[in-house]
Every structure is written in C-alpha cells, then in structure tokens.
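In what follows, a single structure is set out as structure tokens and then discussed.
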Amino acid sequence: MALRVGLGDTGGMASGAEKKPSSAELTEKIRELLSARSSDSSICPSDVARAMSPDDWRPLMDPVREAAGAMVDAGEVDITQKGEVVDLATVRGPIRIRWAR
C-alpha cells in the first residue's frame with residue numbers, strides 16, 4: 001500500500017508525525033481566528049487547537065491557553081467566562097478569547 005503525501009500541504013499537523021506548533025504559531029492563529037470574526041465576538045481555545053491539528057487537537061489545549069495568557073499580559077486579548085473577564089491563572093472550566101476592550 002502506497003502512502004500519498006501532497007507537497008506543500010499546510011492544512012494542519014499530521015497526528016504525531018510533526019512537531020507541535022510554537023507559542024508564536026498559536027498566537028498568530030488566535031489573531032487570525034479573532035480577525036475573521038466580528039470585533040465583539042470571541043473564540044474558544046479548541047477552535048485554535050482544531051485549526052492547528054484537526055486530528056490531534058486535545059494535546060494543544062494547554063499550549064493554546066498559555067499563548068492566550070501571554071496575549072492577555074500584552075494587553076491584546078481578554079479571557080472570558082460566561083461573558084465576564086476572568087483571570088486565566090485561577091479560572092476553571094470553559095473559557096473564551098476575545099480582543100481586549
């Protein structure tokens with residue numbers, strides 16, 4: 001059985017075969033996804049993880065949260081839960097990422 005690999009395919013990471021995305025790559029994907037939505041919308045960290053690695057996204061959840069945390073520190077985004085800004089260091093449960101207001 002032959003394995004076919006498309007050259008230049010950048011649709012996502014292959015399961016376990018490629019390196020994990022860097023913090024800079026995750027940060028850029030957060031910016032890209034937020035920019036694609038209205039200015040008052042938010043995204044879920046899983047949106048970012050799935051965009052980076054559709055078949056193996058769960059291991060990226062903590063790195064995405066870490067990248068979002070660095071963006072909070074830079075004043076670029078807010079982390080929300082149920083529409084309220086929360087502290088990423090102490091929040092538990094589902095969160096959303098939005099442009100800082």
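Summary of values
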quantity: By average C-beta atoms within 10 angstrom, highest first, the peptides 22-32, 42-52, 59-69, 86-96; calculated: 42-52, 59-69, 22-32, 86-96
quantity: Translational D in µm²/s for segment 23-99 (Stokes-Einstein at 10 °C, 1.306 mPa s, Kirkwood Rh from C-alpha pairs); calculated: 130
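Taken together, the values in this text are just the output of simple stated rules run on the coordinates, not laboratory data. All values reported here derive from a predicted model rather than from experimental measurement. Backbone-built Cβ (ideal geometry, glycine too); neighbour counts: all protein chains shown.
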